[in-house]
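*Asks:* The following block contains the structure, expressed as structure tokens.
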Amino acid sequence: MGVDDLAALARGFSLLGSGGGGRTAILESVVRRTVSWPVALHESEGLDPSTPCVAVGIAGSTYLLAERLPRVEAFERLLAAAHRWTGTAPGAVCAIEGAGLNGLTPLLLTGGLRFVDADFMGRALPGLDQMSLIVDAVPGVVCAASTGDQGITLVESPVRGDVEQIVRSALVQAGGANEVLVAGFTVGDLREHAIGGTVSRALSLGRAFEATGPGAASRLAHDLGVSLLGVGRVVDVAERSATSASSIEVAGDDGAILRLVAGSEFVMLLRDGAVIAEVPDIIVAVDSISRDILEVDALTPPRHVTLLGIPAPTWWREREARLRAVDTRAFGLTEPRRA
């Protein structure tokens, strides 16, 4: 990938963010200036499966992510801590989350590590216990997080909740958002226990998005190869504290009532009371006028939006335990819609 691909890559990761994942603009500027371009992108099948790998990202408040830059030196400290624990130095790097700014974060480490086209989510998800290696309970996986300028928390546990609760506590100690690194796995583990091809998917989506000029929402959906879920104007936003979710009402141009249920990402879309899209599939909101890809907090009256649907990576539906970790049950809402 060349530096000329960066803008399209960032747009693609924003689309896969499903209204979350953090804004890419600041990190996009950083990697444009600091990464040694071009960057080689490797499929996991093209590398020695025994190659030790790490995954990196930023976790915590998406509001802070818009202001706090990832620090290469912080990842170096996490790498050193993971190396002390596992006894193995990595040869490759991938993303924790193939969406939002975290899709770009591994580029910071491509000066010394090979960049693998894989990640643990294939979209944006809110929980660290929703990482694919944790969902599949891959043994030996270690999660390390900064707790501030000096401290590091390191967790190795077969209990999914331990990863989320302990690392989340470290992030709170660090001020609400900070660097996270996952180690203790190989490139071979990625082939079965991770989502492959998300970087390539983001680049393809981003290129199609940039190539699509002004026009009807149907044309945008067609050019992206995704579903058009609805078009309309935001008329109301209501908070639902019991589920830490918000309900966003959109008056459809065709007379329908569209209702988005959102947490830190879009979780579900209803049309006249019937569910038409839900996690793990990816719901995207695009400003119909500016073509900005919108995060959840940007959907306010009277913004006019185009709602798109992108299929989730098939990995999540291959096993019931995987699907249960990311469908509406994981968000405390309702039983998922069945075909």
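The values are calculated or read from the model by the stated rules, or taken from the named source; none is laboratory data. Nothing here was measured: the structure is a model prediction, and the numbers come from that model. As a convention, Cβ positions derive from the backbone with ideal geometry for all residues, glycine included, and neighbour counts pool all protein chains shown. Remember, those area values only see protein heavy atoms, side chains included, never the ligands or the DNA or RNA. Shrake-Rupley method; radii C 1.70, N 1.55, O 1.52, S 1.80 Å.
*Asks:* Ranked highest first by the average count of other Cβ atoms within 10 Å around their residues, in what order do 83-91, 248-256 fall?
*Replies:* Peptide ranking by packing, descending: 248-256, 83-91.
*Asks:* Just to be sure I understand the model, the point goes 7 Å from the Cα along the line to the Cβ. What's the resulting Ala274 to Glu156 distance in nm?
*Replies:* 5.2
*Asks:* With axes computed from alpha carbons, what is the tilt in degrees of helix 72-86 against the longest principal axis of the chain, rounded to the nearest 10 within 0 to 90?
*Replies:* 60
*Asks:* Sort 205-213, 32-40 by packing, meaning the average of other beta carbons within 10 Å per residue, with the highest value first.
*Replies:* Highest-to-lowest ranking by the protection proxy: 205-213, 32-40.
*Asks:* At Ile289 and Thr88, where each label point lies 7 Å from the Cα along Cα→Cβ, what is the point-to-point distance in nanometres?
*Replies:* 5.4
*Asks:* Let me ask another. Out of the total accessible area of region 71-126 (probe 1.4 Å, heavy atoms of protein only), what percent is carbon and sulfur? Please report the intermediate quantities before stating the final value.
*Replies:* On the way: 900 of 1690 Å².
Carbon-and-sulfur percentage of accessible area, whole number: 53.
*Asks:* Between Val235 and Gln173, what is 0.36 nm times their sequence separation minus the Cα-Cα distance? Round to one decimal in nm.
*Replies:* 18.6 nm
*Asks:* For region 67-167, which GluC sites (Glu not before Pro) are both in a DSSP coil and crowded by at most 13 other Cβ atoms within 10 Å?
*Replies:* Glu67
*Asks:* Helix 198-211 against the longest principal axis of the chain: what's the angle in degrees, Cα atoms only, rounded to the nearest 10?
*Replies:* 40
*Asks:* Then there's this: If Lys and Arg each add +1 and Asp and Glu each add -1, what is the summed charge of the other residues whose beta carbon sits under 13 Å from the beta carbon of Thr314?
*Replies:* Charge balance near Thr314 sits at +3.
*Asks:* So what is the diffusion coefficient of region 111-151 in µm² per second by Stokes-Einstein at 25 °C and 0.890 mPa s, using a Kirkwood Rh over Cα pairs?
*Replies:* 194
*Asks:* Next question. Counting every Cα pair in the chain, what percent are over 33 Å apart? Can you show the working numbers first?
*Replies:* On the way: 12971 of 57291 pairs.
In whole percent, the share of Cα-Cα pairs in the chain beyond 33 Å is 23.
*Asks:* Still on this structure, please answer the following. Whole number in Å², please: accessible area per residue of the chain, 1.4 Å probe, ligands, DNA and RNA not counted.
*Replies:* 40
*Asks:* How much mean residue ellipticity at 222 nm does the chain get from its helices, if each DSSP H run of length 4 or more adds -39500 (n - 2.57) and you divide by all residues, to the nearest 500 deg cm²/dmol?
*Replies:* It lands at -8000 deg cm²/dmol.
*Asks:* Ignoring ligands, DNA and RNA, please state the percent of accessible area on region 272-339 from carbon and sulfur, probe 1.4 Å.
*Replies:* Solvent-exposed carbon and sulfur of region 272-339 make up 54 percent of the total.
*Asks:* Report the net charge of residues surrounding Phe209, where surrounding means a beta-carbon distance below 10 angstrom and charges are Lys +1, Arg +1, Asp -1, Glu -1. Could the numbers behind the result be given before it?
*Replies:* Working: positive: Arg11, Arg207, Arg291; negative: Glu210, Asp223.
Here the charged neighbours net out to +1.
*Asks:* Still on this structure, please answer the following. Looking at the chain only, what percent of DSSP beta bridges run antiparallel? Nearest 5 please.
*Replies:* 85
*Asks:* Asp119: net charge of surrounding residues, Cβ under 12 Å, Lys/Arg +1, Asp/Glu -1, itself excluded?
*Replies:* That sum, taken over residues with Cβ under 12 Å, equals 0.
*Asks:* Which residue fluctuates the most in the chain, going by a Gaussian network model with Cα springs under 10 Å, if the choices are Leu101, Leu41, Leu203?
*Replies:* Top of the fluctuation ranking is Leu41.
*Asks:* Rounded if a/c is under 1.5, else prolate if a/b beats b/c, else oblate: with a ≥ b ≥ c from the C-alpha gyration tensor eigenvalues square-rooted, which is region 84-164?
*Replies:* rounded
*Asks:* Ok, one more. Projecting each Cα onto the charge dipole of the chain (Lys/Arg +1, Asp/Glu -1 at the beta carbon, about the Cα centre), which of Val261, Val180, Ala330 comes out farthest on the positive side?
*Replies:* In the chain, that residue is Val261.
*Asks:* Given axes a ≥ b ≥ c from the Cα gyration tensor, I'd like to know whether region 213-330 is rounded (a/c under 1.5), prolate (a/b larger than b/c) or oblate. The partial results should precede the final answer.
*Replies:* On the way: a/c = 1.96, a/b = 1.25, b/c = 1.57.
Oblate, since a/c reaches 1.5 and b/c is not below a/b.
*Asks:* Same structure again: By how many degrees, 0 to 90 and rounded to 10, does the Cα axis of helix 6-16 deviate from the longest principal axis of the chain?
*Replies:* Once rounded, the angle reads 70 degrees.
*Asks:* Now a separate question. Give, in nm to one decimal, the length gained when the segment between Glu73 and Ser50 is fully stretched (0.36 nm per residue of separation minus the Cα-Cα distance). All intermediate terms of the calculation are to be shown ahead of the outcome.
*Replies:* On the way: separation 23, 0.36 × 23 = 8.28 nm, distance 2.64 nm.
Full extension of this stretch gives 5.6 nm more.
*Asks:* Let a ≥ b ≥ c be the square roots of the eigenvalues of the Cα gyration tensor of region 17-169; is it rounded (a/c under 1.5), or, if not, prolate (a/b larger than b/c) or oblate?
*Replies:* rounded
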